[in-house]
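This report concerns only the one structure given below.
Throughout, read-outs are computed from the coordinates displayed, never taken from laboratory work. These figures come from a predicted structure and were not determined experimentally. Cβ placement follows ideal geometry from the backbone for every residue including glycine, while neighbour counts extend to all protein chains displayed.
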Amino acid sequence: MYTYILNIRVKIWRSATFIIILAIAILGSNPCVKAGEKDFPFYPGERLTFLLKWTIIPAGESVLEVLPMETIDGVKAYHFLLTAKSNAFIDTLYKVRDRIDAYANTEMTHSVVYKKKQREGKTHRDIVVNFDWQNNKAQYTNFNDKRPPIDILSGSFDPLSAFYFVRLFDFQEKSKIERPVTDGKKCVIGKLSVIKRETLKLKSGTYDTYLIEPELKHIGGVFEKSKNAKIQLWVTADKRRIPVKIKSKVAVGSFVGELVSATGLK
């Protein structure tokens with residue numbers, strides 16, 4: 001019985017962490033800001049905190065931040081940070097401490113470098129994805145073990161930078177949206193549907209939002225094995241395009257992430 005519960009909690013956290021990464025990787029169309037104007041809806045100092053639950057069980061928290069800009073190999077870049085950690089109760093069974101650092105050029109046209117430190121139970125990874133835009137290549141490295149470079153499409157983003165790119169765009173009901181995304185191992189066309197506009201009431205407030213759903217065609221694991229699996233993301237309909245709720249439906253239950261704090265907004 002203990003082994004069964006542990007396996008379920010492993011699935012919970014692996015899918016929960018993945019859902020956040022996938023949900024923030026969705027992309028938009030119909031630009032409301034022209035590249036180069038830099039009147040972006042996010043600025044260094046922004047910090048979004050989410051409470052994570054599996055059904056009704058608190059599991060931990062995740063934080064999205066925009067850190068001060070940095071220069072990477074001579075390229076000035078935005079620095080985006082995602083951290084996810086399990087709470088004390090989940091720690092006793094499956095401790096999670098994940099960190100993702102992503103860098104995109106200041107025009108927000110492509111990724112510059114992507115780093116992921118994964119600490120989930122006994123699984124440890126230290127991933128770096130370097131982008132070679134002269135040759136449209138990306139190279140994945142884990143603890144200095146380099147994979148052969150892969151071909152990537154022009155304008156590709158890593159999963160985290162992609163979320164901030166989407167915030168430059170307006171959503172429209174019933175529209176279909178796509179954009180190339182890469183994690184360094186493969187490059188795919190991320191697709192989503194804008195389902196509807198609706199008012200969402202959460203503990204942190206009431207929000208005018210768009211409900212959007214990404215396609216799960218390229219997703220394996222618990223999503224591939226779950227009939228009618230679904231991921232939903234609610235994003236504010238204002239100029240900031242802030243995610244306020246994430247929800248998944250898979251065979252082992254429902255995962256929910258809700259915004260509990262938003263600071264550094266302008």
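Pull out a ≥ b ≥ c, the square roots of the eigenvalues of the alpha-carbon gyration tensor of segment 142-193, then state rounded if a/c is under 1.5, prolate if not and a/b is larger than b/c, and oblate in the remaining case.
Note, shape of segment 142-193 comes out prolate.
Where does each of LYS85, LYS137 land when they are ranked from fewest to most other beta-carbon atoms within 10 angstrom?
Arranged by neighbour count, lowest to highest, LYS85, LYS137 become LYS137, LYS85.
Between segment 184-217 and segment 97-124, what's the alpha-carbon centroid distance in Å?
Cα centroid of segment 184-217 versus Cα centroid of segment 97-124: 21 Å apart.
Most exposed first by the Cβ proxy, i.e. fewest other Cβ within 10 Å, how do TYR164, TYR43, TYR207 rank?
In order of increasing Cβ crowding within 10 Å: TYR43, TYR207, TYR164.
Output the pairs from LYS137/LYS176; LYS201/LYS230; LYS95/LYS176; LYS122/LYS186; LYS146/LYS191 with a Cα-Cα distance over 32 Å in this structure; if there are none, say none.
From the list (LYS137/LYS176; LYS201/LYS230; LYS95/LYS176; LYS122/LYS186; LYS146/LYS191), the Cα-Cα distance tops 32 Å for LYS95/LYS176.
Going by how many other Cβ atoms sit within 10 Å of their own, how do TRP54, TRP133 line up, fewest first?
Ordered by Cβ neighbours within 10 Å, fewest first: TRP133, TRP54.
Ranked highest first by the average count of other Cβ atoms within 10 Å around their residues, in what order do 198-204, 63-69 fall?
63-69, 198-204
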